[in-house]
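A short write-up of the structure that comes next.
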Amino acid sequence: MLSERDLQRYERQIRIFGEGGQEKLKNAKVFIGGAGGLSASVSLYLAAAGIGRIRIVDHDIIKLSNLNRQILFTDNDLGKRKSDCAGERLKRVNPNIEVEAVTETINEKNVSKLVANFDLIVDALDNFATRYLLNRAAHVNNIPLFHGAVEGLYGQATTIIPGQTACLRCIFPVAPTSSTVPVIGSFCGIIGCIQATEVIKYINGIGKLLENKLLMLDGLNSTIEEIEIQKNPRCEDCGKG
Amino acid sequence: MWKGVDRILKIKVKFFASFRELFQEKEREVELQKGSNMRDLLNLLCDSSKRRDQIFEGGELKPYLAILKNGKHIYHLKGLETRLEEGDTVVIFPPAGGG
């Protein structure tokens, strides 16, 4: 049930999907893997939109070189845990939602437990090895996964619905070599905003999602295009193996 | 004349991300001999050492590149031996991995 304050707070978006839609956001539980550059915009906008419960997971501490893009944090947070600072920031943005900050490295052993009982998973990670873990957990637990990644002024996003769409391993069967990549904060923010919008649309059942479509953003040339993608029926994560 | 046309297949190649700079174009229509495969196509496209070095590693494809034939990654097909057919669309790009 929405309060009078909720109705005022979310008035502009209730005009889009109604009070029922806002109720859906309030009842939604979203898991966010990573509290870095993508997560900054995803988590802030999901918190502001009134997602009822957010769990944000990261193992790292805040370094000076993070601050060009990880706008959840300030200079005063250097050396502190990312998840803790992210959790505090999200609670300040929206005190009416539940935020749980978890300082853990997502691994094969804990991933299913971490995402259990969540309705949606946001991939705001910085490496494919962990992305594959979330991809598999999403399919084992039948939870939609919202992928985003960025490198330089190029980025991609897609929405993965278990049982229906191509999964991350169908599209990218082999992980790129893990390394720190060049990133401009504002461009990272664009990809994260696309992921957040997909989450809100999915919860409300509105519009067309990036299902079986890879959105390709080219910040250098200011273009956005889609690539049609197909499921691999023998995929080890989403197919018959 | 008829036989010549019959032996040619036309496909579309689309480049994304940094490969647009590498290949200096967004997309290209390519004519190949019938029976050609992905290796033939990539050999044709990689007409400089700079381009070859971005696609191949010791004669084999760099494994993490996204190379899709009609939306399917060639890793799930027959890799470089994947046959190309008239009207195919091939998409090539290096995936973004950061966040």
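More than 16 Å from A:Arg69 (Cβ to Cβ) and out of contact with any Pro (no Cβ under 6 Å at 6 or more places or on another chain): does that describe A:Cys167? Yes.
Take the residues in region A:165-193 that are in contact with a strand residue (DSSP E or B) (Cβ under 7 Å, 6 or more places away or on another chain) and farther than 16 Å from B:Lys72 by Cβ; name whichever of them is farthest from the other protein chains (Cβ to nearest Cβ). So, considering only residues that are in contact with a strand residue (DSSP E or B) (Cβ under 7 Å, 6 or more places away or on another chain) and farther than 16 Å from B:Lys72 by Cβ, the one farthest from the other protein chains (Cβ to nearest Cβ) is A:Ile190. Among the helices (runs of 4 or more DSSP H) confined to region A:28-129, the ones with at least 2 residues that are hydroxyl-bearing (Ser, Thr, Tyr) are located at A:37-49.
Among the residues making up region A:92-125, those that are open to solvent by 10 Å² or more (accessible area, probe 1.4 Å), over 20 Å from A:Ala138 (Cβ atoms), over 16 Å from the mean Cα position of the chain (by Cα) and touching a residue at least 40 places away in the same chain (Cβ under 8 Å) are A:Val93, A:Asn96, A:Ile97, A:Glu98, A:Thr103. Applying the selection to region B:33-56, what residues are of a type in the set (A, V, I, L, M, F, W, C) and outside any loop (DSSP other than H, G, I, E, B)? Result: B:Met38, B:Leu41, B:Leu42, B:Leu44, B:Leu45, B:Ile55, B:Phe56.
Rundown of residues vs (1) part of a loop (DSSP other than H, G, I, E, B); (2) in contact (Cβ under 8 Å) with a residue 12 or more places away in the chain; (3) of a type outside the set (Val, Ile, Thr), yes/no style:
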position	(1), (2), (3)
A:Thr177	yes, no, no
A:Leu209	yes, yes, yes
A:Leu220	yes, yes, yes
A:Ile227	no, yes, no
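Residue pairs whose Cβ atoms lie under 6 Å apart, separated by 6 or more positions or on different chains, with the first residue in region B:40-68 and under 17 Å from B:Ile11 (Cβ atoms) and the second open to solvent by 70 Å² or more (accessible area, probe 1.4 Å), are B:Cys46/B:Arg52.
Scanning region A:202-218 for any residue that is under 16 Å from the mean Cα position of the chain (by Cα), facing chain B (nearest Cβ under 8 Å) and farther than 24 Å from B:Leu61 by Cα turns up nothing. In the set B:Gly58, B:Gly99, only one residue is buried (at least 21 other Cβ atoms within 10 Å of the Cβ) and not hydrophobic (A, V, I, L, M, F, W, C); that residue is B:Gly99.
Reported count of residues in region B:57-85, each being under 12 Å from the mean Cα position of the chain (by Cα) and closer than 16 Å to A:Thr177 by Cβ, is 3. When each of A:Ala157, A:Ala196 is tested for being more than 12 Å from every other protein chain (Cβ to nearest Cβ), of a type outside the set (Lys, Arg) and not in a loop (DSSP other than H, G, I, E, B), the lone residue that passes is A:Ala196.
The values are calculated or read from the model by the stated rules, or taken from the named source; none is laboratory data. All figures in this text were calculated on a predicted structure; none of them were measured in a lab. As a convention, Cβ positions derive from the backbone with ideal geometry for all residues, glycine included, and neighbour counts pool all protein chains shown. Side chains are part of the model used for accessible areas, which takes the heavy atoms of the whole protein and leaves out ligands, DNA and RNA. Shrake-Rupley method; radii C 1.70, N 1.55, O 1.52, S 1.80 Å.
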